[in-house]
Amino acid sequence: MKLFLVIASILLLTLMPAPTPVQSAADIVFKNGNVYTANDKAPKAQAIAVKDDRIVFVGTNAAAQKYVGTNTRVVDLKGNTMLPGFTDSHQHLSGVGLREMTLNLENTTSLQDFLAKVKARVDQAKPGDWVTGRGWIETHWQPSVFPTRSDLDTVSPNNPVFLGRADGHGAVANSAALKIAGVDKDTPNPFGGEISKDKQSGEPNGMLLDAAQGLVRRRIPAITPEEAERAVVLGVKRDIELGWTQIQDAGGTYADVDIFKKLYAAGTIKLRIYKAVYGPGPTATRLMNEGPTIGAYGNRFNLRTIKVVSDGALGSRGAALLEPYSDATDSSGFLTVKAEELRPMLVEALRKGIQVETHAIGDRANRFVLDEYETAFKAVPPSERKVAEPRWRVEHAQIVNPADIPRFAKLGVIPSMQPSHAIGDLFFAPSRLGIKRLAGSYAWESFIKSGVVVPGGSDAPSNVVNR
Ligand SMILES: [Zn+2]
């Protein structure tokens, strides 16, 4: 999986072809390397020359010699491998850091294991403290069913508990947490979410899907500014340890932006961040009014993208499908954004040169997003756009009706996909979707053959791979 991700990421980062040689000396020349260029026309090279912050030459040792001047630093790579920097094209940076700070439930192997981990944390908590965390997934538990409030009540009868599923689209709460949030059998489902209820008693069973998670989450005391800053620092540390040189932060607010700017200004973080903020809403409006930030802090920080979420996830059956779920025929998921709120924002984003990236997992959500993008593209022709080729994206593009796959290339829309979801969903996608619908699902090769570039991302910490 890791290798696959790396290869996918490398495709993103095509080195610029060598420009017409400048006769001035370079700052650094690397030679005797096993250099992977990610340029199909010349995939391997021996040497690289760098001047200022740009690669000015890629090629042979002999040809690199003319870039060596009296002040040039020459690095002998001694046959070692040199690669373009890796970009994670879809990540949630604060989430990666917060997972390090709260209860990390990744690699939880059974309900018993899950409850034991929660109990250990509850035992350390003071009366009234919230116990929060994320990362569990029931796919390989026996039986493979969601945990419930009653399960959690056995280990935490008093402290409120709220624990997110690995995909971020569902969470389980205990009775104490539901009580604080005032969620009971009479609470209606919020728009874009579902309070899962016991079929017999009608009482909430503890599972909250998509927007319904907010009913409890908003009652959890907010993290302090210091904690938020620490999460970013820990997230950056983790990313750098994994070898990423840039991450694309798929959503957030100006509070994140302020933290990034503060840490960049202080020289605390070096990682490149390509940042999106959520829309439609006041945050997206602010970005369109203030305009994008491009290449700040030594080419390390960009803020030029609005992240929209158009449906839920497949595992929790929140993904919006054209036909009902094969294993729950009374449901076909739900859209989580209203067309009338999206439309004016898309039009304005084109006029202002702002990129839009929209989470779409189900085939209905993917079609909806393509339709809305297409309508906006027609309403604002290239001559009226600030950026003629806006490179709008669909995040995940996971279950796509085969008829819609060629529309991405036709519209110039980028399907930004994550290998971890294909692997994580392997165990339940056939039952959720039925075999026929799998034809356009996780369709990497069909997308590549249709003529689009498919960026690879991790979606960390929503890593649903669980071995
Ligand atoms: Zn994501």
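A viscosity of 1.567 mPa s and a temperature of 4 °C, combined with the Kirkwood radius over C-alpha pairs in the Stokes-Einstein formula, give region 334-465 a diffusion coefficient of 84 µm²/s. Shape of region 398-467 from the C-alpha gyration tensor: oblate (a/c of 1.5 or more and a/b not above b/c, with a ≥ b ≥ c the square roots of its eigenvalues). Each principal axis of the Cα cloud of region 74-143 was taken in turn, and the coordinate range along them, longest first, works out to 61, 31, 23 Å.
Using the Cα centre as the reference, give the magnitude of the dipole from point charges on the C-beta atoms of region 66-218 (Lys, Arg: +1; Asp, Glu: -1; all else neutral), rounded to the nearest 20 debye.
Values: 17 positive and 17 negative charges, 105 e Å.
It works out to roughly 500 debye.
Cα centroid distance between region 152-175 and region 179-231, in Å? After rounding, the separation between the Cα centres reads 10 Å.
Relative to the longest principal axis of the Cα atoms of the chain, helix 254-265 runs at roughly 40 degrees. Give the percent of DSSP beta bridges with both residues in region 23-122 that are antiparallel, rounded to the nearest 5. So the antiparallel bridges in region 23-122 amount to around 60 percent. Each of S175, A222, P127 was scored by the projection of its Cα onto the charge dipole of the chain, and the greatest displacement toward the positive side belongs to A222; charges sit on the C-beta of Lys, Arg, Asp and Glu.
In the chain, helical runs assigned H by DSSP with n ≥ 4 each contribute -39500 (n - 2.57); averaged across all residues and rounded to the nearest 500, the mean residue ellipticity at 222 nm is -9500 deg cm²/dmol.
Note on region 148-282: antiparallel DSSP beta bridges, both residues inside, total approximately 70 percent of the bridges counted.
Of the solvent-accessible surface of the chain, computed with a 1.4 Å probe over protein heavy atoms with every protein chain present, carbon and sulfur atoms account for 54 percent. Binning the C-alpha pair distances of region 308-400 at 10 Å intervals from 0 yields a P(r) profile of 18, 45, 26, 10, 2 %, listed from the shortest bin outward.
Give me the percent of DSSP beta bridges within the chain that run antiparallel, rounded to the nearest 5.
About 40 percent, rounded to the nearest 5.
Its Cα gyration tensor gives region 257-347 an equivalent ellipsoid; the semi-axes, largest first and in whole Å, are 35, 17, 9. The largest accessible area among I55, I399 belongs to the first residue in I55, I399, and the rest follow in falling order (1.4 Å probe, all chains).
Taken over the chain, the convex hull of the Cα atoms encloses 165 Å³ per residue. How high is the FRET efficiency from Q65 to E290, r the C-beta distance, R0 51 Å, rounded to 0.05? According to the calculation, E is roughly 0.60.
The values are calculated or read from the model by the stated rules, or taken from the named source; none is laboratory data. Remember, predicted model here, so these are calculated numbers, not experimental data. Every residue, glycine among them, receives a Cβ derived from its backbone with ideal geometry; neighbour counts consider all protein chains shown. Only protein heavy atoms, including side chains, enter the accessible area calculation; ligands, DNA and RNA are left aside. Shrake-Rupley method; radii C 1.70, N 1.55, O 1.52, S 1.80 Å.
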